[in-house]
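Engineer: Shown below is the structure under consideration.
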Amino acid sequence: MGRPILKVMITITTIKDMRDYSAEVRRNGKTIGFVPTMGYLHEGHLGLVRESVLTSFRTVASIFVNPAQFGPNEDLDKYPRNTEKDKELLEGVKADVLFFPSVREMYPEGYSTYVTVEGALTDTLCGALRPGHFRGVATVVLKLLNIVDPDRAFFGQKDAQQAIVIKRMAKDLDLRADIRVMPIIRDEDGLAMSSRNVYLSPIERAKATVIYKSLSAAVDLVKKGERSVREIKLAMSAMLEAEGVRTDYIAAVGADDLRPVEKIKGRTLIAVAAWVGSTRLIDNVIVER
Ligand code: PAF
């Protein structure tokens with residue numbers, strides 16, 4: 001009786017080896033799906049990997065905590081890391097390759113090139129509060145797409161602005177990869193999955209559920225016929241304030257162009273960035289009228 005063949009994920013740390021791997025897959029006429037991450041994986045990431053495995057011959061996931069997308073006072077140094085656990089999780093969902101480059105490999109000495117998606121897509125929401133963040137994201141994603149050369153790349157809707165910025169970049173720069181955005185994965189109590197949830201104390205974790213509750217209240221208001229963004233925001237901020245959750249923003253913007261709207265009309269993104277203790281969390285819903 002033949003032994004079952006165990007498919008083992010391989011880890012690649014250099015750009016050259018990653019390119020060689022992808023070139024070989026593509027030479028054989030096969031497809032590559034790609035899931036870029038900063039590690040500390042949760043069900044949200046794993047859902048992206050599963051989707052890639054379903055749709056692509058080979059799936060590459062990357063783990064790279066990208067210094068270029070963190071501001072000077074942000075959490076780069078304490079960003080959670082657990083690569084051994086991440087490897088087990090990726091093997092569990094049948095990723096073929098982990099691309100795990102060092103900072104040196106990605107940004108060698110003399111590195112000087114950055115990608116900026118200009119205008120409304122990056123001036124607003126998180127872009128207004130985290131200067132340089134989307135420049136760092138666009139730069140690393142373009143580099144990763146160049147290195148991995150996938151047919152499709154998967155991103156989560158939780159980072160709605162990031163997804164729109166990356167789609168714009170991919171279109172503007174004629175990238176080959178199809179950018180796919182997958183729905184938000186939530187915990188049972190509604191909290192959107194995020195690597196940063198690990199920062200929350202049990203009390204903060206409970207308070208954080210008010211973020212999705214406020215977004216759900218907005219959805220209900222729209223369903224009942226409320227069109228005024230002012231009224232919706234007031235209802236949301238009352239709920240968030242009652243839990244002592246401070247907001248960076250509560251915004252209603254066009255779901256594709258991120259332009260602020262006063263009345264809910266068409267596909268509208270309602271997005272929140274909020275501080276629960278010293279942890280900044282983001283979440284969103286799309287409503288349609
Ligand atoms: O969403 C993330 O984890 C990161 O912003 C990404 C897309 C992996 C780029 O560093």
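The values are calculated or read from the model by the stated rules, or taken from the named source; none is laboratory data. This structure is a prediction, so every number in the text was calculated from the model and none was measured. Because the Cβ atoms are built from the backbone with ideal geometry, glycine has one as well, and the counts that use them run over all protein chains shown. Each accessible area value is taken on the protein alone, full model and side chains, heavy atoms only, with ligands, DNA and RNA left out. Shrake-Rupley method; radii C 1.70, N 1.55, O 1.52, S 1.80 Å.
Engineer: Please name all residue pairs, on different chains or six or more residues apart, with Cβ atoms under 8 Å, provided the first residue is in the range 131-144 and is within 18 Å of Met18 (Cα to Cα) and of a type outside the set (Val, Ile, Thr) and the second residue is assigned to a helix (DSSP H, G or I) and more than 8 Å from the ligand (Cβ to nearest atom).
Structural biologist: Taking only residues 6 or more apart or on different chains, the pairs are Leu142/Met169; Lys143/Met106.
Engineer: Moving to a separate point now. Out of curiosity, is Gly39 on the phi > 0 side of the Ramachandran plot, open to solvent by less than 60 Å² (accessible area, probe 1.4 Å) and touching a residue at least 24 places away in the same chain (Cβ under 8 Å)?
Structural biologist: When the stated conditions are applied, Gly39 passes them.
Engineer: Those residues that are near the ligand (Cβ under 9 Å from one of its atoms), out of contact with any Phe, Trp or Tyr (no Cβ under 8 Å at 6 or more places or on another chain) and not aromatic (Phe, Trp, Tyr), I need them from the range 152-165; list them, please.
Structural biologist: Answer for the range 152-165, where residues must be near the ligand (Cβ under 9 Å from one of its atoms), out of contact with any Phe, Trp or Tyr (no Cβ under 8 Å at 6 or more places or on another chain) and not aromatic (Phe, Trp, Tyr): Gly156, Lys158, Asp159.
Engineer: Sort out for me the strands (runs of 3 or more DSSP E) sitting completely within the range 1-80 that have 1 or more residues that are of a type in the set (Lys, Arg).
Structural biologist: Passing ranges, in order: 58-63.
Engineer: Go through the range 256-270 and count every residue that is touching a residue at least 40 places away in the same chain (Cβ under 8 Å) and open to solvent by 10 Å² or more (accessible area, probe 1.4 Å).
Structural biologist: Here the count works out to 4.
Engineer: I need the full set of residues from the range 218-237 which are closer than 30 Å to Pro131 by Cβ and exposed (fewer than 14 other Cβ atoms within 10 Å of the Cβ), in order please.
Structural biologist: Within the range 218-237, Arg230, Leu234 meet the criteria.
Engineer: Oh, and also: I'd like the full set of residues that are in contact (Cβ under 8 Å) with a residue 24 or more places away in the chain and surrounded by fewer than 17 Cβ atoms within 10 Å (Cβ to Cβ), limited to the range 197-209.
Structural biologist: Val198, Ser201
Engineer: Pull up the range 42-64, narrow it to residues that are open to solvent by 20 Å² or more (accessible area, probe 1.4 Å) and within 16 Å of the chain's Cα centre (by Cα), then point me to the one that is nearest to the ligand (Cβ to nearest atom).
Structural biologist: Step by step, filter the range 42-64, then rank; the result is His45.
Engineer: Also, quick follow-up: So which residues in the range 112-151 are among the polar types (S, T, N, Q), outside any loop (DSSP other than H, G, I, E, B) and more than 10 Å from the ligand (Cβ to nearest atom)?
Structural biologist: Matches in the range 112-151: Thr122, Asn146.
Engineer: Answer yes if at least one residue in the range 100-109 is closer than 21 Å to Arg58 by Cα and either loosely packed, with under 14 Cβ neighbours inside 10 Å or in contact (Cβ under 8 Å) with a residue 40 or more places away in the chain (or both), and no otherwise.
Structural biologist: Among the residues of the range 100-109, at least one is closer than 21 Å to Arg58 by Cα and either loosely packed, with under 14 Cβ neighbours inside 10 Å or in contact (Cβ under 8 Å) with a residue 40 or more places away in the chain (or both), which makes the answer yes.
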